[in-house]
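Working notes, structure below.
The values are calculated or read from the model by the stated rules, or taken from the named source; none is laboratory data. Since the model is a prediction, treat every value here as computed from it, not as a measurement. Ideal geometry is used to build each Cβ from the backbone, glycine not excepted, and the neighbour counts take in all protein chains shown. Keep in mind that these areas ignore ligands, DNA and RNA; they rest on the heavy atoms of the full protein, side chains included. Shrake-Rupley method; radii C 1.70, N 1.55, O 1.52, S 1.80 Å.
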Amino acid sequence: MEAATAALVKRAIPDAMTLLDHTRKGGRYDVVAHPWLPDILRKGSSRGADQIWEARPKWTRPELPVGRHEVTALDINGAYLSALKTHLPLGQLEHSTGNVHDKRRSGLHLITPPVWEHDAVLPNPVGQRDEPGPLWVTEPTLRLLQRVAGPKYRLCDPPEIHESWTSGSTEGLLEKFRIALREARDRAISEGAARPASQPVADRAVRHRCRRWRGAGQRG
């Protein structure tokens with residue numbers, strides 16, 4: 001089983017990129033392997049990171065309210081597929097300044113996040129930070145902050161946008177790719193129910209195709 005898993009993981013990126021090319025046939029936009037990038041997306045060194053904030057939340061609610069509670073399992077494997085529905089920029093990113101957000105565009109934003117006063121019951125949408133002040137975030141993080149600040153929840157003030165790198169937005173660019181992976185995952189789960197020994201191999205294969213593709217796929 002370990003050998004089979006290792007072989008599938010090794011093929012994760014090539015197989016995912018081949019599938020992506022296949023699902024993009026007939027599409028309106030071409031894949032650009034090496035698009036122009038602003039400096040905020042360039043690594044400072046071979047082992048360094050770019051300037052985009054990548055939160056890795058490690059939040060635990062300190063106390064539970066009185067009463068009976070239900071636990072809802074998080075399907076992390078399926079979450080990778082859901083992430084492919086995110087707003088993605090099309091074409092070269094263009095720079096702008098000011099506290100304005102055009103929902104027809106998506107990209108990267110330098111923001112001052114709002115004060116979060118609900119750590120006892122809800123995790124901060126930007127995760128835990130050691131230092132305050134502005135930070136670069138991606139489109140999904142900005143939209144999440146705007147959503148929890150909106151009239152439905154009113155959990156915080158809206159984030160302040162200082163500058164942005166954006167382009168026209170779409171949620172459908174990877175839709176065929178997502179559907180193909182979802183169907184492969186559903187089939188693996190179904191077959192794994194009949195052959196339990198093969199289930200861990202199938203789960204890791206689909207997970208790695210989604211997760212490792214994120215770092216290898218560049219769109220333009």
All positions within segment 136-169 that are free of Cβ contacts under 8 Å to residues at least 24 places away in the same chain and either over 15 Å from the mean Cα position of the chain (by Cα) or in a loop (DSSP other than H, G, I, E, B) (or both): Arg147, Val148, Gly150, Pro151, Lys152, Tyr153, Arg154
Test: residue in segment 118-129 that is in contact (Cβ under 8 Å) with a residue 40 or more places away in the chain, under 18 Å from Leu41 (Cβ atoms) and either in a loop (DSSP other than H, G, I, E, B) or not aromatic (Phe, Trp, Tyr) (or both): no
Pair list, Cβ under 7 Å, 6 or more apart: segment 52-63 residue farther than 16 Å from Gly133 by Cβ and touching a residue at least 24 places away in the same chain (Cβ under 8 Å), other residue part of a loop (DSSP other than H, G, I, E, B) and among the aliphatic types (A, V, I, L, M): Arg61/Val121; Pro62/Ala120
Within segment 161-189, considering residues that are among the charged types (D, E, K, R) and within 17 Å of Arg105 (Cα to Cα), the one surrounded by the fewest Cβ atoms within 10 Å (Cβ to Cβ): Glu171
Members of segment 106-129 found to be within 18 Å of the chain's Cα centre (by Cα), within 19 Å of Thr60 (Cα to Cα) and open to solvent by 20 Å² or more (accessible area, probe 1.4 Å), listed by number: Pro123, Asn124, Pro125, Gln128
